[in-house]
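Undergrad: Dumping the structure here so I can ask a few things about it.
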Amino acid sequence: MAGLLLIIVGTCLACNDHKAPQKDPIEVGTATINLSAVTNSNQIEVFNEVKQASRLPTFVLNELGGMADPGQPFNATDVVDSRLPMQQLIVAAVSEKYCIVSYWRGGLALRLETTVFEVSEGNVKRKWVSNGGGLNFRDLKNTIESGRILQFHEAQ
């Protein structure tokens with residue numbers, strides 16, 4: 001009986017010494033994204049995932065005209081409630097110099113859009129807009145890096 005107890009204790013100690021595997025950084029909301037398809041340069045930035053519209057830079061929200069959080073009501077159709085925004089956040093990524101936002105835009109047709117903003121000292125400039133985009137943080141990264149978009153145009 002004492003031998004069995006020693007085996008059980010030894011096994012438990014060995015299990016406790018085992019380190020948990022490291023999480024993929026993108027799973028914890030941080031990733032490097034190569035913006036070459038967007039900025040025409042081999043620019044790599046570290047981005048943090050944003051899951052709430054209120055956590056986007058204020059000047060980006062102002063440029064978009066307001067935005068609902070995921071799962072919150074918004075004007076998804078052309079029947080407009082003036083108390084609700086026309087967009088709903090899907091996922092966003094923010095770095096020191098850029099903000100990438102994928103969102104649903106309501107109107108005559110509900111559509112998925114992604115906009116890349118260049119941000120500096122309270123100023124914002126739309127760099128890139130597409131129909132389509134990322135449905136989660138990993139998909140957003142892959143969409144931007146691969147140029148996998150439905151329509152591309154550089155914002156003026």
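The values are calculated or read from the model by the stated rules, or taken from the named source; none is laboratory data. Since the structure is predicted, the reported quantities are computational estimates derived from the model, not experimental observations. So basically every Cβ, Gly included, is an ideal-geometry build from the backbone, and we count neighbours across all protein chains shown. For the accessible areas, the whole protein counts, side chains as well, though only heavy atoms, and no ligand, DNA or RNA atoms are used. Shrake-Rupley method; radii C 1.70, N 1.55, O 1.52, S 1.80 Å.
Undergrad: Counting only residues 5 or more places away or on other chains, whose amide H sits under 5 Å from the amide H of residue 75 once H atoms are built in the peptide plane?
TA: Residues meeting the amide H criterion: 86, 87.
Undergrad: In addition: Amide H to amide H, which residues 5 or more places from residue 35 or on other chains are under 5 Å from it, using H placed in the peptide plane?
TA: Close amide H contacts, sequence-distant or interchain: 43, 44, 45.
Undergrad: On to the next question. What percent does the relative contact order of the range 52-106 come to when contacts are Cα pairs within less than 8 Å and at least six residues apart?
TA: Answer for the range 52-106 is 31 percent.
Undergrad: Using the heavy atoms of the protein chains and a 1.4 angstrom probe, tell me the accessible area per residue for the range 56-156 in square angstrom.
TA: Computed with neighbouring chains in place, this is 51 Å² per residue.
Undergrad: Beta carbons within 10 angstrom, averaged per residue: use that to sort the peptides 97-103, 107-113, highest first.
TA: 97-103, 107-113
Undergrad: Work out from phi, with θ = phi - 60° and the Karplus expression 6.51 cos²θ - 1.76 cosθ + 1.60, the ³J(HN,Hα) of each residue of the range 66-82, listed in order in whole Hz, and give x for Gly and Pro.
TA: Whole-Hz 3J(HN,Hα) from phi for the range 66-82: x, 7, 7, 6, x, x, 8, x, 7, 7, 7, 10, 7, 8, 9, 9, 4.
Undergrad: Another question, then. Normalised by the number of residues in the range 33-153, what is the relative contact order in percent for Cα pairs under 8 Å and 6+ residues apart?
TA: 22 percent
Undergrad: Let me ask something additional. How far is it, in nm, from the label point at residue 108 to the one at residue 44 when both lie 7 Å from their Cα along the line to the Cβ?
TA: So the label points at residue 108 and residue 44 sit 4.4 nm apart.
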